[in-house]
Structure formats: C-alpha cells, structure tokens
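Asks: Take this structure, written in structure tokens, and hold onto it; I'll ask about it next.
The values are calculated or read from the model by the stated rules, or taken from the named source; none is laboratory data. As the structure is a prediction and not an experimental result, all values here were calculated from the model. Neighbour counts run over all protein chains shown; Cβ positions are idealised from the backbone, glycine included.
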Amino acid sequence: MHSLPLPIAAFVAGLLSFLSPCVLPLVPGYVSLISGATVEDLQSSDRRMLRTVMLHSVTFVLGFSVVFIALGAVATTVGQFANEYHALLTKIAGIIVIIFGLHLTGLLKIKALYADKRLHNVKGSSSVMGSFLVGFAFAFGWTPCIGPILAAILLLAETQDTVLKGILLLAVYSLGLAVPFLLTSLGVDRFLAFYGRFRPHLHTVEVISGVLLIAVGVLIFVNHLKWLSGYLSFLNRFAL
C-alpha cells in the first residue's frame, strides 16, 4: 500500500495534537463538561456512570471529527481545482509548514496561534445531540492551538488526487485525537496519574512536533514527499 505512511503520519499528528499543552491539561474538564459529571464522579467505578460518559464522549468525538473531515474534503477539492498552479502551491505549502514548525520549536513566535479560543462559555448537555454539538463547536475552538499540526495535515490532504483520500486522511487524524480522549473517558484517575508524570515533557513534545513539521515542510517544498513513502515502504508488510 504505497500511501500507507501518510495515514500513519496523520494518526501521529492526531496524537501530538492531543498531547499539546492547550488540549491535554483540559481533557478531564472536557469529559466532565459533556457528561455533566464532576471529576470526582468520573473517578468512581460506577458502571452506569461509565456507560454514560463513554456515550457522550463518542458523540463528542464524532462532533469534532465531522469538522476536521469536512475541512479535509474542502482542502482536497481546492487542491484539485488549483492543479495548474501545483508547483507554486507546493512551494507555498512547504514554506507554511516550515513556519508552523518553527513556531512549535519556539524559534519563531506567531501570536495568533496563542489565542485562547476554546469557547469557555459553551455549556454541556445531558443529551447525546448536545455532546455532538459541543464537539462540533470545540473543533473550531481548538484550531488556533493545534493549528500548526492540523494545517500540515490539511496541506497534505490538498495534494491528494481524490476527495475520498483527503477525507480518509483527516478521518485518521481525528482518530489519532479521539483514541486517547476515549481512553481518558474510561479511566480519568489513570489519566490524572499519567498527566502528573508527563507534564514536565509537554514542551519537549512541542519541540519534537516542530522539528517533524519542518522536515515535512522541506519535503513538500522540494516536491519529494513521495520519498517518505518509499523510505518507509518496509511498513507495507504490516498492511493487510
């Protein structure tokens, strides 16, 4: 499967977005918001509470996934219409990804990406549809913070030759963000213990993410992104 590395990159990008300093510390609060339970309630072993929390968490995940997948479809569509300017757009896309990478490493500060847009006034709901709508709203609220990583995946989606591939790429990104969120919903107490140990490394994750974005940006700029697929072709043996 020649395109396997791109979905892997998208999944890892989702995980890195989850581990970003503006998402990870607030995850228990998000779970509490959509379920209507306190953090103390979430740490209980009540099975009925667990089922309720998981149901609301899944619909919350679907809410933000719809937004990201729609953005992927739009990015691919725009990329197809702009095909005759592909060489120029590739250069521009590479430069943008490199700039975002420099921002994450701390070498270049982009003030707009520090804006707090997490929609603190959004209230939870006891209904499943309410959790979906909150997830939909929070996707836009997260965007300034996870913007560099999300933008890189959208630029990759723009290079895909079909809208379906762009949709799948953003679906995998959403999955990378969703899996740890759902695992947190299953065990908030374990998440809090993990966060206590991981907190000192949040900046390191940002720097690593920035370096990876810079590398991808360079590959996009020189139009050698397919080299990554060839270099990682050994992964094909695991694709069934």
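Asks: Return the residues of the range 58-79 that are of a type in the set (S, T, N, Q) and free of Cβ contacts under 8 Å to residues at least 24 places away in the same chain; say none if nothing qualifies.
Replies: The answer is none; no residue qualifies.
Asks: Within the range 212-240, take every residue that is surrounded by 13 or more Cβ atoms within 10 Å (Cβ to Cβ) and among the β-branched types (Val, Ile, Thr) and give me the one that is modelled with the highest pLDDT.
Replies: Restricting to residues being surrounded by 13 or more Cβ atoms within 10 Å (Cβ to Cβ) and among the β-branched types (Val, Ile, Thr), the top hit is Ile214.
Asks: Which members of the range 155-181 meet the condition of being in a helix (DSSP H, G or I) and acidic (Asp, Glu)?
Replies: Within the range 155-181, Glu158 is the sole residue that qualifies.
Asks: In a helix (DSSP H, G or I), surrounded by 17 or more Cβ atoms within 10 Å (Cβ to Cβ) and in contact with a Phe, Trp or Tyr (Cβ under 8 Å, 6 or more places away or on another chain) - does that describe any residue in the range 182-191?
Replies: Among the residues of the range 182-191, at least one is in a helix (DSSP H, G or I), surrounded by 17 or more Cβ atoms within 10 Å (Cβ to Cβ) and in contact with a Phe, Trp or Tyr (Cβ under 8 Å, 6 or more places away or on another chain), which makes the answer yes.
Asks: How do the pairs read when you match residues in the range 157-184 that are at positive phi with residues anywhere that are part of a loop (DSSP other than H, G, I, E, B) and not polar (S, T, N, Q), using Cβ under 6 Å and keeping only pairs 6 or more apart or on different chains?
Replies: The qualifying pairs do not exist here.
Asks: Checking Arg197 against (1) modelled with pLDDT under 80; (2) part of a helix (DSSP H, G or I); (3) farther than 20 Å from Phe68 by Cβ, which test does it fail?
Replies: Result: Arg197 fails condition (1) only.
Asks: Just wondering, is there one or more residues in the range 71-82 that are farther than 23 Å from Leu164 by Cα and either under 14 Å from the mean Cα position of the chain (by Cα) or at pLDDT below 80 (or both)?
Replies: No, there is no match, as no residue in the range 71-82 is farther than 23 Å from Leu164 by Cα and either under 14 Å from the mean Cα position of the chain (by Cα) or at pLDDT below 80 (or both).
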